[in-house]
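Undergrad: One structure coming up, written as structure tokens, with questions to follow.
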Amino acid sequence: MKLLQPYTLGSLKLKNRMVMAAMTRSRADSDGIVGAITAEYYTQRASAGLILSEAVNISVDALGSPLTPGLFTAAQIAAWKQVTAAVHAKGGLIFAQLWHTGRVAHSVDRGGVLPAAPSAVKIEGMQHFTSQGVKDFETPRELTAAEIRQIIADYAQAAKNAIAAGFDGVELHVANGYLPQQFLSDSANLCQDQYGGSIAAKARFTLEAMRAIIDAVGGGRVGIKISPLHSYAGIAFNNPVATYQYLINELNKLDFAFVEIMQRAPMFPLLPHYPQDNEIELFGRMVQGKTVVAGTGYTAATGEAELEKGTAELIAYGAAFLANPDLPLRFELGADLNAPDHATMFGGGEAGYIDYPALG
């Protein structure tokens, strides 16, 4: 089974081709500091070829959801050192996913400060989970040129902090409606300047962030996650194929570890003008480097089929890894899988986090 074969990703030796996908679990404290149960959670899953951490805030201004971790204070970095050391002690590899939420946020969890975005466009038709319950989204304030430059610098510094914390690399989160995808999209970015208007201008923010991160820690330690057809948080493109073809062509000129392509979640239907093609194949064939694919419901069989087709080099598993800390062994043995408990996915303590049973 190709899924279970070792794989070399740059200078990293992965024990298999199974990636633990990044999943927000909201178990940090109010200061964005992870604890001992987070170290246990990731250590239990160290049999993955590569772990992608939950999304990690790159600055205080990046914060969008309560109880999510950061990588911008000394205490946060020290806490993550305990996690990465524990994962490495079990022979695992772990990347930090770098996160700025932009308008996918609420002022109640930001000290009363409104979230900022490329344009003052509110997310309609959905609500946001906050520490004070579910609330309607607010209209964000438009970022200034100076603030944009600072965010690019924050990405670079967070990447350096991640390496200082013992992570093996970082992944730039450009998916799921967060800030970089807000810059890319036609629905969230109404600017007509160096960061908006044309496809090239809208892609500029992502490309500048990638270059800054690569310069900070080296391309072999850097990945990027995209979700071209996922319309979460009001993200829409006039022509998603043209947008992502441009972005990927520009990324192909850079030297870095991988592109992760996330499939659209079924609860977010394709927009009427979007292509009906298999999105993994459509966008995957544009990538000249290594590709990780992620989607809802990959099994051992469907993950293996993607590898056999040559669609991707690595397969990311989310909820299956959440509920099955020994997922590679279960695939090897053809064993039954634990079902994830959706009620305990976000927030709480040990229940639904580190108490899923392993085989034996």
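Undergrad: So if I place +1 on the C-beta of Lys and Arg and -1 on the C-beta of Asp and Glu, and nothing else carries charge, what would the dipole magnitude of segment 1-130 be about its Cα centre? I want it in debye, nearest 20. Don't jump to the answer; show the numbers that get you there.
TA: Details: 12 positive and 7 negative charges, 127 e Å.
With only Lys, Arg, Asp and Glu charged at Cβ, the dipole is about 600 debye.
Undergrad: Kindly state, to the nearest 0.05, the FRET efficiency for LYS309 paired with LEU254, given R0 = 30 Å and r defined as their beta-carbon distance. Each step should come with its number before you reach the end.
TA: On the way: r = 26 Å, r/R0 = 0.85.
That pair, LYS309 with LEU254, gives E of 0.70.
Undergrad: Another question, then. Which shape class applies to segment 191-238: rounded if a/c is under 1.5, otherwise prolate when a/b exceeds b/c and oblate if not, where a ≥ b ≥ c are the square roots of the Cα gyration tensor eigenvalues?
TA: Details: a/c = 3.40, a/b = 1.45, b/c = 2.34.
It is oblate, given that a/c is not under 1.5 and a/b is not larger than b/c.
Undergrad: Write down the Å³ per residue value for the convex hull defined by the alpha carbon atoms of segment 5-74.
TA: On the way: hull volume 7.2 nm³, N = 70.
Normalising the Cα hull of segment 5-74 by residue number yields 103 Å³.
Undergrad: Segment 151-222: percent of C-alpha pairs farther apart than 17 Å? Don't skip to the end; give the middle numbers.
TA: Values: 1134 of 2556 pairs.
Tail fraction, whole percent: 44.
Undergrad: Something else now. Taking Rh as the Kirkwood radius computed over C-alpha pairs, what is the Stokes-Einstein D of segment 49-171 at 20 °C in a medium of viscosity 1.002 mPa s, expressed in µm² per second?
TA: Values: Rh = 15.3 Å.
Value of D from the Cα-based Kirkwood radius: 140 µm²/s.
Undergrad: Let me ask something else. Taking Cα centroids, how far is segment 4-26 from segment 246-267 in Å?
TA: 17 Å
Undergrad: Using a 1.4 angstrom probe, figure out how much accessible area the chain has per residue, in square angstrom, rounded to the nearest whole. Please list the in-between numbers first.
TA: Numbers: 13710 Å² over 360 residues.
That works out to 38 Å² for each residue.
Undergrad: For the chain, set up a Gaussian network in which alpha carbons nearer than 10 Å are linked by springs, and say which option among LEU314, LEU12, LEU179 fluctuates the most.
TA: LEU12
Undergrad: Reported to two decimal places, what Rg/Rh ratio describes segment 249-312 when computed on Cα atoms with Rh from the Kirkwood expression? It would help to have the intermediate numbers written out before the result.
TA: On the way: Rg = 12.8 Å, Rh = 13.0 Å.
Looking at segment 249-312, the ratio lands at 0.99.
Undergrad: Using helices alone, I'd like the mean residue ellipticity at 222 nm for the chain: each DSSP H run of four-plus residues gives -39500 (n - 2.57), total over residue count, nearest 500. The partial results should precede the final answer.
TA: Values: 10 runs with 110 residues, N = 360.
The helix-only estimate for the chain comes to -9000 deg cm²/dmol at 222 nm.
Undergrad: Another question, if that's okay. Compute a Gaussian network model of the chain, connecting alpha carbons closer than 10 Å, and tell me which residue from VAL170, VAL134, VAL293 fluctuates the most.
TA: VAL134
Undergrad: Once you charge only the Cβ atoms, +1 for Lys and Arg and -1 for Asp and Glu, what is the size of the charge dipole of the chain about its Cα centre, to the nearest 20 debye? List each step's numbers first, then the result.
TA: Working: 27 positive and 34 negative charges, 109 e Å.
Taking the Cα centre of the chain as origin, the dipole is about 520 debye.
Undergrad: A follow-up question, please. Could you check what % of the DSSP bridge pairs in segment 1-125 are antiparallel, to the nearest 5?
TA: On the way: 3 of 11 bridges.
Around 25 percent of the beta bridges assigned by DSSP in segment 1-125 are antiparallel ones.
Undergrad: Where the accessible area of the chain is counted over protein heavy atoms with a 1.4 Å probe, how much of it, in %, is carbon and sulfur? Please list the in-between numbers first.
TA: Working: 7240 of 13710 Å².
Here carbon and sulfur together make up 53 percent of the probe-accessible area.
Undergrad: Counting just the Cα atoms, what span does the chain cover along each of its three principal axes? Round to the nearest Å and put the largest first.
TA: Principal-axis extents of the Cα atoms in the chain, largest first: 58, 43, 38 Å.
Undergrad: Something else about it: With springs connecting C-alpha atoms under 10 Å apart, model the chain as a Gaussian network and identify which of GLY177, GLY284, GLY125 has the largest mean-square fluctuation.
TA: Taking springs between Cα atoms under 10 Å, the residue moving most is GLY125.
Undergrad: Further, regarding this structure: How big is the gap, in Å, between the Cα center of segment 67-109 and the Cα center of segment 171-231?
TA: 20 Å
Undergrad: Return the percentage of antiparallel bridges among DSSP beta bridges fully within segment 180-302, rounded to the nearest 5 %.
TA: Of those bridges, close to 0 percent are antiparallel.
Undergrad: Give the lysines whose C-alpha is closer than 16 Å to that of LYS253, dropping any in the same chain fewer than 8 places away, or say none.
TA: Once the sequence-local lysines are set aside, what remains near LYS253 is LYS290.
Undergrad: Related question: Could you compute the net charge surrounding ALA300? Neighbours are other residues with a C-beta less than 14 Å from the C-beta of ALA300; K and R count +1, D and E count -1.
TA: Numbers: positive: LYS2, ARG17, ARG330; negative: GLU304, GLU306, GLU308, ASP326, GLU332, ASP336.
Overall, the nearby charge balance is -3.
Undergrad: If you don't mind, there's one more thing I want to ask. Using +1 at the Cβ of each Lys and Arg and -1 at the Cβ of each Asp and Glu in the chain, identify which of ALA212, ILE224, PRO275 lies farthest towards the dipole's positive end.
TA: Of ALA212, ILE224, PRO275, it is ALA212.
Undergrad: Using the Cα centre as the reference, give the magnitude of the dipole from point charges on the C-beta atoms of segment 146-226 (Lys, Arg: +1; Asp, Glu: -1; all else neutral), rounded to the nearest 20 debye. The partial results should precede the final answer.
TA: Details: 7 positive and 8 negative charges, 23 e Å.
Dipole magnitude for segment 146-226 comes out near 120 debye.
Undergrad: If you average over every viewing direction, what projected area does the convex hull of the Cα atoms of segment 281-341 give, in nm²?
TA: Values: hull surface 17.8 nm².
Mean orientational projected area (segment 281-341, Cα hull): 4.4 nm².
Undergrad: While we're here: Any idea what diffusion coefficient segment 207-360 gets from Stokes-Einstein, in µm²/s, Kirkwood Rh on alpha carbon pairs, 4 °C, 1.567 mPa s?
TA: Values: Rh = 17.5 Å.
Value of D from the Cα-based Kirkwood radius: 74 µm²/s.
Undergrad: Exposed loop trypsin sites (Lys or Arg not before Pro) only (DSSP loop, at most 14 other Cβ atoms within 10 Å): please give the longest stretch of the chain free of them, not including the sites. Walk me through the intermediate numbers first.
TA: Working: sites that count: LYS90, LYS122, LYS253, ARG285.
Answer - 123-252.
Undergrad: Please give the length that would be gained between LYS2 and GLN288 if that part of the chain were fully extended, namely 0.36 nm times their separation in residues minus their C-alpha to C-alpha distance (nm, one decimal).
TA: Numbers: separation 286, 0.36 × 286 = 102.96 nm, distance 2.07 nm.
100.9 nm is the gain from fully extending LYS2 to GLN288.
Undergrad: For ASN238, what charge total do you get from the other residues with a beta carbon under 15 Å from its beta carbon, if Lys and Arg give +1 and Asp and Glu give -1?
TA: Working: positive: LYS202; negative: ASP186.
That sum, taken over residues with Cβ under 15 Å, equals 0.
The values are calculated or read from the model by the stated rules, or taken from the named source; none is laboratory data. None of the values given here were measured: they were computed from a predicted structure. Glycine also receives a Cβ, built like all others from the backbone with ideal geometry; neighbour counts cover every protein chain displayed. To get the accessible areas, we keep the full protein, side chains included, count just its heavy atoms, and leave off ligands, DNA and RNA. Shrake-Rupley method; radii C 1.70, N 1.55, O 1.52, S 1.80 Å.
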